[in-house]
Amino acid sequence: MQHYKHNPNKTLIYNHSYHRNYVRCHLPSGLLIVFITSFSLLVSCEKKCVTFTAEERKAADSVVKSVAGVDSLSLLQKRLEKKGDKLGSIVALREWGKLLRGESRFEEALSVHSKGQQQAEAIGDTLELVMALNNIGTDYRRMGVLDLAQDYHYRAWMLCKECTDTSYVARKNRVVSLNGLGNVYMTLGNFERADSVLRLALAGEQRLNSAVGQAINYANLGSIFERHGKTDSAWAYYRKSMALNTEAENELGIALCHTNFGSLYEKARQYDKATKEYEAAYQLMKASKDEWHALNTLIALAGIYHVTGNNAKKMEYLSNAKAMAERIKSPEHLADIHTLYYKHYMQTGDYRSALASYEKATVLQDSVLNIEKVNRIQNTSLNIERNRQMREMDVAKQTLEEERAARNVGFAILGFALLILIGALVIFLYLQRIHRRNHLELKKMAAMRENFFTNITHEFRTPLTVILGLSRDLQEVDSVETKEKAQVIERQGKGLLALINQLLDISKVKSAVGRPDWKNGNIVAFLTMIVEGYHDYARSHNIDLQMFAEGEIVMDFIPDYVVKVMNNLLSNSFKFTPAYGKIRILVKRVDEQLHIAVSDTGKGISKETLLHVFEPFYQDESNTQHVGSGVGLALVEQIIRAVNGSITVDSELGKGTTFHISLPVSNRCQQKVSLEAEKNTPVLPETAVELTDSSSEDNDCRLLIIEDNRDIAAYIGSQFAGSYAVSYAENGKDGLEKALELVPDLIITDLMMPGMDGLEVCRQVRANEIINHIPIIIVTAKITEEERIRGIEAGADAYLSKPFNADELRTRVEKLLEGRKLLQAKFATLPAELKKAEEQEDNAPKDVDLRFLARLSSIVYMLLSSNKDVDVTNIASHMCMSSRQFYRKVNALTGYTPSAYILRLRIKRAKTLLANSPQLSLGEVADKCGFTDYSNFVRAFKNVCGVIPTDYRREHCP
């Protein structure tokens, strides 16, 4: 039997009460064993330790092990039992249960091993009885019922101690009992006791010369060292385990050793090596049906991919692990899985899903062993020993009482019977209560799961609408290959849509709205971004889509709710509007109410259907062309009601439909954007402020927003009005001109613009030496993977979809600017000249910014050598830049003003001359570095280097 810890990085705490209750509710045979064993073990100990010869046992083992597979063993056991071969039946039950446990079918394994225990007790075969007890203990350990697991392993060990059999099987039984107890103590965190027991087990395995047994104990002892932070010792023991497993060709042991190696590498932050070890373990376990052990590796892989940021791999392994853990009913694994889901959703900003995962993990962890239970379990062995002694005393007392009070036997039997009946009644009532409570919890969890399932599947329908529409358009092109691929896309999309509809039909429950995340801003701009995402689809279907709004409306709103509502309404409008039809969105404010009207010229809705249009899962029987699930409008109404709004619908068959939404306007959100800052920011100013090199405004952090939609531009600018100097341009050409004029710190641009689009802006910026250092963020409704790749190739640093998350946009800007500051610090400390050794390695620097600074250094030294003026204007002229462009460029790259940076270049040259040209006087050095006044030279040198030139020469010149 092989058992390893669940996770090498944590102390695992099992959900004891959950599994105990589960066993009581679903495994009555297991419950009977708890009562039967206390009476039967004492009797079995009094029988002979060996009831069969070694040859008979070997023959029975040979017959059973010649049969492979669970079903075959099941048939063999029944045949042997019917035949009257008691030993063969017990051996078959033992191996049958092991196969079931190897396939993570723990409940069935427990039932089979329990039957084997009963048969072994019945014939008084102590060797098989001990093996059955150890197998039952292992089954309970896998199920997390540690108190019963320790009970059975301890009983097996006591039987081994009391018997005098010295055969190989008897000694192996004793070692297995010790190994089981060691695993229980290790799981409970009692490492001192676990170490003592496991070393006894290891010594026994060494005497038996068992490679697999030694490998198991070396691995368990290694994990104890790992828990104590003794990494070197852990490596030594794990490697011994690997060597022994390799010698024995034990694939499961080899896989688990790879997992242990991965754990040590992960703790050392060597994530590449850790990933390699975990993957190796998982590949070995893939073909195995031992899902309990495979789960550990899956969770470890998900954890390592979470640390390394590989979200795709992480979610793939988490999904597999979750399905596997639910299948084998392992709450300890599910707790770790939901914890990883919580970390993932927190990292990606999906706080609602993070909360749901956190609550699931908490529910699983809240039922773990508390201190009182742990103490009770750890003291079980003492209680068992006391109970054994008490039973012996009871036997003696009973004999004495029988001699003295034989006449009271009838009353004792009657009292005992009443006690059994009362106990059975109490147990029955308790089990009923537990069953009822579990049933209610399961119903609650099912309701939560179905609500989530309904909402998420419905969200798939909106993108599928666009996908199917575009695939039909692609089928109209002349290319046969493109047409065939488009047909495949449409066929698969329809299949997926059909599956979603079926799933929604199965889970017909009221959709939950979720936890609101209020923001404050211009809702007109946010709605404009949503509508903009449908323009391409509308044009491809010859549908006139327009939005009308009465200026800027600043209010509190929940972006996620707005997106869901508008996507549902627009999706319905496109679904029922024919070619050359119209869809209009009207937004206006009336007093303290926001009114939104979404109208179309589609087929309209009948009066009968209008009465039920907001009912969940209602479908118009007369509508055979567009069959849906009936969830979307119900979700829209629930969202509108959740924010204290109202929604109505007007429709007429053949003329179209209009949905009217009314929402209260408020500005109480604490996360709102400063309205005063928005008022002070022009929507799209015609000209930018002309700044000189000495202007203090050049020290401001400046953003340039290139967007042809004024509302969206103003909305983007409002996110930064209080912290940055914001400038605007309404198309790509103007944006490029302003970028060259202002040299901003960051550019935010739309993708689709008249004339020069956003991709061309990126290319032009990256090709210009003056502004090629500027980070660029593309914000667009066109967010396909192809467009994203094209944007990155053009030089974009980030790519966000409309409607964007304002927090994400602000974070992106802040992180990009922080990155520029780090580069400033790097360039400020770089040597101004390329060393000859570096030139031999690489003819020219690969970084365009480093090339710019190298060129600047060369010009400065050239002017110094020719005794020409080295002022900022002269140097900017040699760099083919205006003074203002030169100021912004140097400041953006180094964090210094051009004057300060040039001064450091001059001082660097002075240091070189002082150290390498002792024949030059200090005055001559000052003159060659462009200082006409020696006192100014001394003062500047000390400010930069901390010492005066005389001291520097004395220190560095031999």
**Output for the stretch 270-294, where each listed residue is touching a residue at least 40 places away in the same chain (Cβ under 8 Å) and part of a helix (DSSP H, G or I)** = 291, 292, 293
**Prompt:** Does the stretch 733-756 hold any residues that are crowded, with 21+ Cβ neighbours inside 10 Å, more than 30 Å from residue 854 (Cβ to Cβ) and of a type in the set (D, E, K, R), and which are they?
**Reply:** 750
**Prompt:** Quick check: anything in the stretch 247-263 modelled with pLDDT under 90, in a helix (DSSP H, G or I), in contact with a Gly (Cβ under 6 Å, 6 or more places away or on another chain) and under 27 Å from residue 103 (Cβ atoms)?
**Reply:** no
**Request:** Tell me which of these residue 226 doesn't satisfy, since it passes every other one: (1) farther than 20 Å from residue 340 by Cβ; (2) not in a helix (DSSP H, G or I).
**Result:** (2)
**Message:** Looking for something among the aromatic types (Phe, Trp, Tyr), closer than 27 Å to residue 129 by Cβ and in contact with a Phe, Trp or Tyr (Cβ under 8 Å, 6 or more places away or on another chain) - is there at least one such residue anywhere in the stretch 238-252?
**Reply:** no
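Condition check ((1) touching a helix residue (DSSP H, G or I) at 6+ places or on another chain (Cβ under 8 Å); (2) aliphatic (A, V, I, L, M); (3) in a loop (DSSP other than H, G, I, E, B); (4) modelled with pLDDT under 50) across all residues:
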{"position": "641", "(1), (2), (3), (4)": "no, no, no, no"}
{"position": "644", "(1), (2), (3), (4)": "no, no, yes, no"}
{"position": "648", "(1), (2), (3), (4)": "no, no, no, no"}
{"position": "654", "(1), (2), (3), (4)": "no, no, yes, no"}
{"position": "663", "(1), (2), (3), (4)": "yes, yes, no, no"}
{"position": "666", "(1), (2), (3), (4)": "no, no, yes, no"}
{"position": "677", "(1), (2), (3), (4)": "yes, yes, no, yes"}
{"position": "683", "(1), (2), (3), (4)": "yes, yes, yes, yes"}
{"position": "691", "(1), (2), (3), (4)": "yes, yes, yes, yes"}
**Asked** Just wondering, is there one or more residues in the stretch 937-952 that are farther than 26 Å from residue 858 by Cβ, at pLDDT 80 or above and touching an Asp or Glu at 6+ places or on another chain (Cβ under 8 Å)?
**Response** yes
**Prompt:** Just one of the numbered conditions (1) touching a Ser or Thr at 6+ places or on another chain (Cβ under 6 Å); (2) surrounded by 24 or more Cβ atoms within 10 Å (Cβ to Cβ) is not true of residue 274; which one?
**Reply:** (1)
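Conditions (1) in contact with a Cys (Cβ under 9 Å, 6 or more places away or on another chain); (2) at pLDDT 85 or above; (3) assigned to a strand (DSSP E or B); (4) over 27 Å from residue 801 (Cβ atoms), marked per residue:
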residue	(1), (2), (3), (4)
574	no, yes, no, no
584	no, yes, yes, no
594	no, yes, yes, no
617	no, no, no, yes
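Among 849, 842, 927, which is the only one that is in contact with a Leu (Cβ under 6 Å, 6 or more places away or on another chain) and at pLDDT below 80?
Numbers: 842 fails: in contact with a Leu (Cβ under 6 Å, 6 or more places away or on another chain); 927 fails: in contact with a Leu (Cβ under 6 Å, 6 or more places away or on another chain).
Exactly one of 849, 842, 927 is in contact with a Leu (Cβ under 6 Å, 6 or more places away or on another chain) and at pLDDT below 80, namely 849.
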**Complete:** For the stretch 921-943, the count of residues that are closer than 21 Å to residue 872 by Cβ and buried (at least 16 other Cβ atoms within 10 Å of the Cβ) equals 9
**Prompt:** Are there any pairs with C-beta distances below 9 angstrom linking a residue in the stretch 333-344 that is of a type in the set (A, V, I, L, M, F, W, C) to a residue that is not in a helix (DSSP H, G or I), with the two at least 6 apart or on different chains, and if so which?
**Reply:** 335/13; 335/15; 335/368
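With out of contact with any His (no Cβ under 6 Å at 6 or more places or on another chain), surrounded by fewer than 22 Cβ atoms within 10 Å (Cβ to Cβ) and either assigned to a helix (DSSP H, G or I) or free of Cβ contacts under 8 Å to residues at least 40 places away in the same chain (or both) as the only criterion, which of 195, 151 stands out?
Numbers: 151 fails: surrounded by fewer than 22 Cβ atoms within 10 Å (Cβ to Cβ).
Selected residue: 195, the only one of 195, 151 that is out of contact with any His (no Cβ under 6 Å at 6 or more places or on another chain), surrounded by fewer than 22 Cβ atoms within 10 Å (Cβ to Cβ) and either assigned to a helix (DSSP H, G or I) or free of Cβ contacts under 8 Å to residues at least 40 places away in the same chain (or both).
Out of the residues in the stretch 558-577 that are among the aromatic types (Phe, Trp, Tyr) and over 23 Å from residue 665 (Cβ atoms), state the one that is surrounded by the most Cβ atoms within 10 Å (Cβ to Cβ). Break it down stepwise before answering.
Step one: of the stretch 558-577, the residues among the aromatic types (Phe, Trp, Tyr) are 561, 574, 576.
Subset that is over 23 Å from residue 665 (Cβ atoms): 574, 576.
On the way: 574: 21, 576: 19.
Only one residue fits best here, namely 574.
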**Request:** List every residue pair whose Cβ atoms sit under 9 Å apart, with the two residues 6 or more apart in sequence or on different chains, where the first one lies in the stretch 916-932 and is under 15 Å from residue 952 (Cβ atoms) and the second, anywhere, is assigned to a loop (DSSP other than H, G, I, E, B).
**Result:** 916/957; 917/957; 918/957; 918/958; 925/917; 925/931; 926/932; 926/933
**Request:** Just give me the residues in the stretch 894-920 being under 50 Å from the mean Cα position of the chain (by Cα), farther than 14 Å from residue 864 by Cβ and either surrounded by 22 or more Cβ atoms within 10 Å (Cβ to Cβ) or not hydrophobic (A, V, I, L, M, F, W, C) (or both), in sequence order.
**Result:** 894, 895, 896, 897, 898, 899, 901
**Message:** Going through 203, 236 one at a time, which residue ends up being assigned to a helix (DSSP H, G or I), of a type in the set (A, V, I, L, M), surrounded by fewer than 17 Cβ atoms within 10 Å (Cβ to Cβ) and at pLDDT below 90?
**Reply:** 203
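Among the listed residues 268, 255, which satisfies the condition of being over 29 Å from residue 173 (Cα atoms), of a type in the set (Gly, Ala, Ser) and either in the same structural domain as residue 331 (by TED's automatic domain parsing) or surrounded by 21 or more Cβ atoms within 10 Å (Cβ to Cβ) (or both)? Can you show your working first?
Values: 255 fails: over 29 Å from residue 173 (Cα atoms).
Matching residue, one of 268, 255: 268.
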**Fill in**
Of the residues in the stretch 468-486, those that are outside any loop (DSSP other than H, G, I, E, B), over 35 Å from the mean Cα position of the chain (by Cα) and not basic (Lys, Arg) come to 473, 474, 480, 481, 482, 484
**Complete:** Picking from 332, 316, 326, the residue that is at pLDDT 85 or above, assigned to a helix (DSSP H, G or I), of a type outside the set (Gly, Ala, Ser) and closer than 17 Å to residue 302 by Cα would be 316
**Request:** Scan the stretch 100-135 residue by residue and report those that are of a type in the set (Lys, Arg) and in a helix (DSSP H, G or I).
**Result:** 101, 115
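Please verify whether the stretch 498-506 includes one or more residues that are at pLDDT 75 or above and surrounded by 15 or more Cβ atoms within 10 Å (Cβ to Cβ). Step through it out loud before you land on a result.
Just the residues of the stretch 498-506 that are at pLDDT 75 or above, to begin with: none.
Checked against the condition, which is being at pLDDT 75 or above and surrounded by 15 or more Cβ atoms within 10 Å (Cβ to Cβ), the stretch 498-506 yields no hits at all.
The values are calculated or read from the model by the stated rules, or taken from the named source; none is laboratory data. Computed from a prediction, not measured in an experiment: that's the story for all the values here. With ideal geometry, Cβ positions are generated from the backbone for all residues, glycine too; neighbour counts draw on all protein chains shown.
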